[in-house]
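Taken together, the values in this text are just the output of simple stated rules run on the coordinates, not laboratory data. Here the structure is a predicted model, which means the values were calculated and not measured. As a convention, Cβ positions derive from the backbone with ideal geometry for all residues, glycine included, and neighbour counts pool all protein chains shown.
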Amino acid sequence: MIVTPVDLEFDQPLALARGGQLERYQLRYETYGRLNADASNAVLICHALSGDHHAAGLHHPDDKKPGWWDHYIGPGKAIDSDKFFIVSLNNLGGCAGSTGPTSLNPQTGQQWGPDFPDLTVPDWVNAQARLADHLGIDCWAAVVGGSLGGMQALQWSIQLPQRIRHCVVIAAAPKLSTQNIAFNEIARQAIQRDPDYFNGHYQAQGTLPAGGLGLARMVGHVTYLSDQGLGSKFGRQRQADDQDLFQIESYLRYQAEQFTQRFDANTYILMTKALDWFDPAGAQPLDQVLAQAECHFHVISFSSDWRFSPERSVEIVDALIKAEQGVSYTCVETDHGHDGFLLPNEHYQASLGAYMNWIEVS
């Protein structure tokens, strides 16, 4: 499946939840499959913290790396592009084509950098809704996402309940735990204490806080895995060419280096703050907030995920049951931890595929 990204400019100002607005902005997105006559087969894919618009397929025949969810999106796959018109975008504030900290601030002609306004999950939903309007989609057949993407899907069901028929929440939580906020703050501090950070104006200085951003990635990456998975993959094995170096050390260094080549440090700070702030219920009981939803839900968790543990998914399920909402739930057995939502797994594929197949379209 060969796909081509599309860049869409919006000139209608977007008011933001934490104050201010963006006068103009761009969203980069990809689509898979075809929109049917009454637009009843549209599915929105929401990405996680470091994800982007390229969820499936290849950009050219020689491309060696398919989209980040290619195991599950495409012809005959769990999210079947022969049945659905699938839309995946790089969220506003991202660094993969949508307007964000690496974009030019029209008022200064310089990169936004750390001056880019704060964003929240509700802001992303509003921007995604404008993309849906442009595409002629009044109501999504489903909004699907994992991790931070799952939080966006949940927000859609509350914020614009009339525009979503099914909500698929994968490896997510109704809000972050204190421990999760702590991990995010450690990652941000690693970036901000890098001497090449320059209070976020590193581009103007011709530098890159690669050390801090790489360390942030190491910390985050370890929390996305599990003790069992790390042990079975690496154990205490040493590098063949350097007996002083454990294989897990080499692996984390490689992950850090790769990440700093593709992701922006200010974007990482912006995204983790949006993740921390997500709390759609606030002071209200979660079930009362979810009672506003008009869709059916499917919730999936992963047994060894300790960053977004199955218990957090059960919180969502219990609140939905209390709110008398339709919901199905699967806990997938895996030793891949939080990253399990990205990786091939027969049980996961069967659960997601069966649910998506159950969705009716014209």
In order through the stretch 281-298: 3J(HN,Hα) via Karplus (6.51 cos²θ - 1.76 cosθ + 1.60), integer Hz, x for Gly, Pro: 7, x, 7, 7, x, 4, 5, 5, 6, 6, 5, 6, 5, 10, 10, 9, 10, 10
Would you mind classifying the chain by shape? Square roots of the alpha carbon gyration tensor eigenvalues, ordered a ≥ b ≥ c; an a/c under 1.5 is rounded, otherwise it is prolate if a/b is larger than b/c and oblate if not. rounded
With θ set to phi - 60° and the Karplus curve 6.51 cos²θ - 1.76 cosθ + 1.60, what are the ³J(HN,Hα) couplings of the stretch 162-167 in order, to the nearest whole Hz, using x for Gly and Pro? 7, 10, 8, 9, 9, 10
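Please go through the stretch 66-101 and write out the chymotrypsin sites (Phe, Trp or Tyr not before Pro) that DSSP classes as loop and that have at most 14 other C-beta atoms within 10 Å.
Working: sites: Trp68, Trp69, Tyr72, Phe84, Phe85; in loops: Trp68, Trp69, Tyr72, Phe84.
Qualifying residues, ordered by number: none.
What full-extension length gain, to one decimal in nm, is calculated for Tyr251 and Asp276 as 0.36 nm per residue of separation minus the Cα-Cα distance? Display every interim value, and only then the final one.
Values: separation 25, 0.36 × 25 = 9.00 nm, distance 2.75 nm.
This chain segment gains 6.2 nm when fully extended.
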Apply 1/(1 + (r/R0)^6) to the Cβ-Cβ distance of His59 and His347, taking R0 = 30 Å, and write down the FRET efficiency to the nearest 0.05. 0.45
Taking a label point 7 Å from the Cα of Gln261 along Cα-to-Cβ, the residues of the stretch 56-88 whose backbone nitrogen sits under 16 Å from it are 63-66
Full-stretch length increase - Asp38, Arg130 - with 0.36 nm per residue and alpha-carbon distance subtracted: 31.3 nm
Taking the alpha-carbon centroid of each part, what is the distance from the stretch 78-94 to the stretch 159-179 in angstrom? 17
Using the 10 angstrom Cβ neighbour count as an exposure proxy, how do Asp82, Asp118, Asp11 rank, fewest first? Asp11, Asp82, Asp118
Excluding same-chain residues fewer than 8 positions from Lys65, which lysines have a Cα within less than 28 Å of its Cα? Lys77, Lys83, Lys233
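Ranked by Cβ crowding within 10 angstrom, fewest neighbours first, how are Ile269, Ile158, Ile73, Ile181 ordered? Numbers along the way, then the final one.
Working: Ile269 22, Ile158 19, Ile73 27, Ile181 16.
Lowest count first: Ile181, Ile158, Ile269, Ile73.
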Which helices of the chain meet both criteria: a Cα extent of 15 Å or more along the helical axis and a mean Kyte-Doolittle score no lower than -1.0, with helices taken as whole DSSP H segments? 121-135, 148-159, 178-192, 210-224, 265-277, 310-322, 346-358
Please list, or write none, the lysines whose alpha carbon is within less than 22 Å of the alpha carbon of Lys322, excluding same-chain residues fewer than 8 places away. Lys175
For the stretch 210-226 and the stretch 281-329, distance of Cα centres in Å: 28
So what's the back-of-envelope 222 nm ellipticity for the chain, counting only DSSP H runs of four-plus at -39500 (n - 2.57) apiece and dividing by all residues, rounded to 500? -11000 deg cm²/dmol
What is the set of long-range amide H partners of His166 at a cut-off below 5 Å, with H atoms built 1.01 Å from backbone N? Ala142, Val143, His296
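Roughly speaking, what is the stretch gain from Leu230 to Gln192, that is 0.36 nm per residue apart minus the C-alpha to C-alpha distance, in nm to one decimal? Could the numbers behind the result be given before it?
Working: separation 38, 0.36 × 38 = 13.68 nm, distance 2.85 nm.
This chain segment gains 10.8 nm when fully extended.
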Per-residue HN-Hα couplings for the stretch 72-82 [Karplus 6.51, -1.76, 1.60; θ = phi - 60°; Hz; x = Gly/Pro]: 10, 10, x, x, x, 8, 4, 9, 7, 6, 6
Label point distance in nm, Glu333-Gln179, each placed 7 Å from Cα along Cα→Cβ: 2.3
Does the stretch 180-275 come out rounded, prolate or oblate by the C-alpha gyration tensor, with a ≥ b ≥ c the root eigenvalues, rounded set by a/c under 1.5 and, if not, prolate when a/b is larger than b/c and oblate if not? oblate
Treat the count of other C-beta atoms within 10 Å as a stand-in for reagent exposure and order Val299, Val222, Val3 from fewest to most. Val222, Val3, Val299
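Quick one: of the DSSP bridges fully inside the chain, what percent are antiparallel, nearest 5? Write out the running numbers ahead of the final one.
Working: 15 of 42 bridges.
In the chain, DSSP labels about 35 percent of beta bridges as antiparallel.
Where in the chain lies the longest segment free of GluC sites (Glu not before Pro) that are both loop residues by DSSP (not H, G, I, E, B) and have at most 12 other Cβ atoms within 10 Å? Before the final figure, lay out each step's value.
Working: sites that count: Glu23, Glu324, Glu333, Glu360.
Looking at the chain, 24-323 is the longest stretch - no exposed GluC sites (Glu not before Pro) with at most 12 other Cβ atoms within 10 Å.
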